[in-house]
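Asker: Structure incoming, see below.
Read-outs throughout are calculated quantities, based only on the coordinates presented, and are distinct from any laboratory measurement. All figures in this text were calculated on a predicted structure; none of them were measured in a lab. Because the Cβ atoms are built from the backbone with ideal geometry, glycine has one as well, and the counts that use them run over all protein chains shown.
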Amino acid sequence: MSWRDSILEMPCVAEGDEFCITLGPGSDQMLTFSSLGKRYMLGFQTSDPIGEVQICERLDGAWKPIGQFEPVVLKNRGDEGPITFCVAFHGKKIILRQDKRIVLEAQVDQCTSMFVNVAGTSSAGVRLLGAKSIRVETNLKLPNAELTLIPMVHYSRSGSTVVGQLLPRDRIVKVTELYSPGSFIGPRIAGTVWERARDAWRFSPTKIEAFVSKMVSANRMWLLHEPRLFFEIKLNLFTSGVFNFDAHRYFGYLQRIGVEKLVFLHRRNLLRRLISARISLESGNWHNFKGTTVTRSNPVHIDTNCVRDPDFGSNPLPLRVLLDRSFAEIERFRHLLKANFQVLELWYEDHVEHDPNVGAGAITELYRVPYTAQPAPLVRQNPGTLTSLIANFDDVRRALIETPHEWMLADKSPT
């Protein structure tokens with residue numbers, strides 16, 4: 001018997017909602033209401049032969065009967081027809097009616113506002129009754145007690161892509177950079193106006209909040225099985241003066257939708273990060289997949305008196321000033337994050353550069369997800385020394401000598 005994973009999607013079941021349920025002719029017809037992760041489910045099933053409808057609930061993998069009733073079965077040209085009845089939800093109580101009479105009242109284990117999806121056999125059906133039926137929306141309401149949101153905030157060229165790819169797909173639903181056009185974040189958003197214009201440089205804070213809800217809902221069918229959603233927030237979209245980013249308002253929103261902890265990935269050697277970004281911009285190549293032929297880019301020229309880094313502003317600055325401001329901006333944002341969340345701080349040099357499994361393993365440990373190390377699908381793009389990557393390395397060295405950033409020239413982190 002065929003099964004439909006989603007007959008009706010809801011933001012959640014609201015207090016007093018009433019649904020009309022139809023179970024088609026034949027035995028073992030079934031319809032289920034379920035929460036994200038399917039930790040809690042409520043099922044309605046016909047017996048064999050049809051003599052009663054059984055109601056049961058499933059909590060943490062075990063089904064438990066909570067009641068049954070003998071329905072009035074419609075006749076269809078002399079044959080047994082479908083069963084139609086109504087169920088109303090009131091907190092932890094359900095009331096079943098058929099032909100305007102109450103046939104069952106039962107207590108359930110969990111609050112029915114957890115339900116966000118209805119599934120069933122091919123001939124099962126459901127519809128929301130009353131005025132709400134014309135206003136029902138499918139975007140999930142947040143926070144959802146069953147959903148774990150895993151944001152990773154990062155600056156570009158910090159290894160975020162390879163770390164995200166290593167997270168176990170069977171345990172975590174993954175999307176990429178939330179506000180970067182071109183990165184896939186869900187089939188229902190692909191090709192829509194939201195997808196085409198989701199660059200955070202053009203988003204108002206209100207649109208950002210609405211977009212997060214749309215992103216979660218776009219991955220609903222996967223979240224019904226694994227209610228953990230990992231997504232990336234690239235910080236250059238917020239720290240640039242082009243975008244009026246209110247960190248306190250945004251962090252407050254993340255907290256309201258249930259985010260208590262997050263991952264912060266960044267890089268100590270800001271000079272190497274700058275060179276990596278420049279090489280990728282000039283070559284058009286942002287990632288090297290293992291097993292593919294890697295063409296080494298030509299060394300880049302850095303005008304030490306006029307350097308622009310989109311991660312930290314739109315105006316060009318002298319290299320020393322740019323690194324000073326970049327470091328100060330990272331520290332400011334780092335303190336803001338730690339004042340609002342439990343932060344897992346990952347460094348490219350410690351958790352990605354030599355083995356990105358270290359970073360992926362740290363994330364899964366934080367969220368209590370089993371992890372097995374695996375070969376990384378990407379390889380480093382610019383493993384050479386700075387002298388081989390910068391055409392005018394002597395100019396860069398003179399600009400940074402006897403400054404707090406001199407250590408970056410040696411390709412090593414400070415002790």
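Asker: Please turn the phi angles of the range 89-98 into ³J(HN,Hα) values with the Karplus equation 6.51 cos²θ - 1.76 cosθ + 1.60 (θ = phi - 60°), one per residue in order, whole Hz, x for glycine and proline.
Answerer: Each residue of the range 89-98 in turn: 10, 9, x, 9, 10, 10, 10, 9, 10, 9 Hz.
Asker: Report, by chain and number, residues whose modeled amide H sits under 5 Å from the one on residue 226, excluding near sequence neighbours (fewer than 5 apart, same chain).
Answerer: Sorted by chain and number, the residues that satisfy this are 37.
Asker: Right, here's the next one. May I ask for the angle, rounded to the nearest 10°, between helix 205-218 and the longest principal axis of the chain, with both axes built from Cα atoms and the value confined to 0 to 90°?
Answerer: So the inclination is approximately 60 degrees.
Asker: When a/c reaches 1.5 or more, the comparison of a/b and b/c decides; with that in mind, is the chain rounded, prolate or oblate per its Cα gyration tensor?
Answerer: In terms of gyration-tensor shape, prolate.
Asker: Between the helical axis of 357-366 and the dominant principal axis of the chain, each derived from Cα atoms, what acute angle in degrees is found, rounded to the nearest 10?
Answerer: That works out to roughly 40 degrees.
Asker: Below 8 Å, C-alpha to C-alpha, sequence gap of six or more: please give me the relative contact order for the range 3-134 in percent.
Answerer: Across the range 3-134, relative contact order equals 38 percent.
Asker: Additional query: Calculate, for residue 171 and residue 20, the FRET efficiency according to 1/(1 + (r/R0)^6) with r their C-beta to C-beta distance and R0 30 Å; round to the nearest 0.05.
Answerer: It comes out at approximately 0.25.
Asker: Something else: Work out how much length residue 105 to residue 320 would gain on full extension: take 0.36 nm times their residue separation and subtract the Cα-Cα distance, in nm to one decimal.
Answerer: Working: separation 215, 0.36 × 215 = 77.40 nm, distance 7.27 nm.
My answer for the length gained is 70.1 nm.
Asker: From the helices alone, meaning DSSP H stretches of at least four residues, give me the mean residue ellipticity at 222 nm for the chain, per-run term -39500 (n - 2.57), in deg cm²/dmol to the nearest 500.
Answerer: The helix-only estimate for the chain comes to -7000 deg cm²/dmol at 222 nm.
Asker: Still on this structure: I need the phi-derived Karplus couplings for the range 299-313: 6.51 cos²θ - 1.76 cosθ + 1.60, θ = phi - 60°, integer Hz, Gly and Pro marked x.
Answerer: x, 9, 9, 10, 7, 5, 9, 7, 10, 10, 10, x, 5, 10, x
Asker: If packing is taken as the average number of other Cβ atoms within 10 Å across a peptide's residues, how do 26-33, 99-106, 55-62, 318-325 rank, most packed first?
Answerer: Output ranking for 26-33, 99-106, 55-62, 318-325: 26-33, 318-325, 55-62, 99-106.
Asker: Please list the non-local residues whose amide H lies under 5 Å from the amide H of residue 185, H modeled 1.01 Å from N, same-chain partners needing a gap of 5 or more.
Answerer: Those lying under 5 Å, H to H, from residue 185: there are none.
Asker: In nm, what is the difference between 0.36 nm times the number of residues separating residue 343 and residue 247 and their Cα-Cα distance? List each step's numbers first, then the result.
Answerer: Values: separation 96, 0.36 × 96 = 34.56 nm, distance 1.55 nm.
Full extension from residue 343 to residue 247 adds 33.0 nm.
Asker: Just to confirm the filter: which GluC sites (Glu not before Pro) across the range 351-413 are DSSP coil and have at most 14 other Cβ within 10 angstrom of their Cβ?
Answerer: Qualifying residues, ordered by number: 402.
Asker: Taking only C-alpha pairs under 8 Å that are 6+ residues apart, what is the relative contact order of the chain in percent?
Answerer: The normalised contact order for the chain reaches 16 percent.
Asker: Roughly what would the spin-label model give for residue 256 and residue 395, points 7 Å off Cα along C-beta, in nm?
Answerer: 4.9 nm
Asker: If you don't mind, another one. Beta carbons within 10 angstrom, averaged per residue: use that to sort the peptides 272-278, 225-231, highest first.
Answerer: The packing order, highest mean first, is 272-278, 225-231.
Asker: At 0.36 nm per residue, minus the direct Cα-Cα distance, what do residue 358 and residue 122 gain on full extension? Give it in nm, one decimal, please. Provide the component values of the computation, followed by the final result.
Answerer: Values: separation 236, 0.36 × 236 = 84.96 nm, distance 4.54 nm.
Computed gain between residue 358 and residue 122 is 80.4 nm.
Asker: Determine ³J(HN,Hα), in whole Hz, for all residues of the range 389-398 in sequence, where each value follows from phi through the Karplus function 6.51 cos²θ - 1.76 cosθ + 1.60 and θ = phi - 60°; x replaces Gly and Pro.
Answerer: 9, 10, 5, 10, 4, 4, 5, 5, 4, 5
Asker: At a Förster distance of 25 Å, what's the computed FRET efficiency of residue 334 paired with residue 380, Cβ-Cβ distance as r, to 0.05?
Answerer: E(calc), rounded to 0.05, equals 0.50.
Asker: Where does helix 270-283 land angle-wise versus the long Cα axis of the chain, in degrees 0 to 90, nearest 10?
Answerer: The helix 270-283 is inclined about 80 degrees to the chain.
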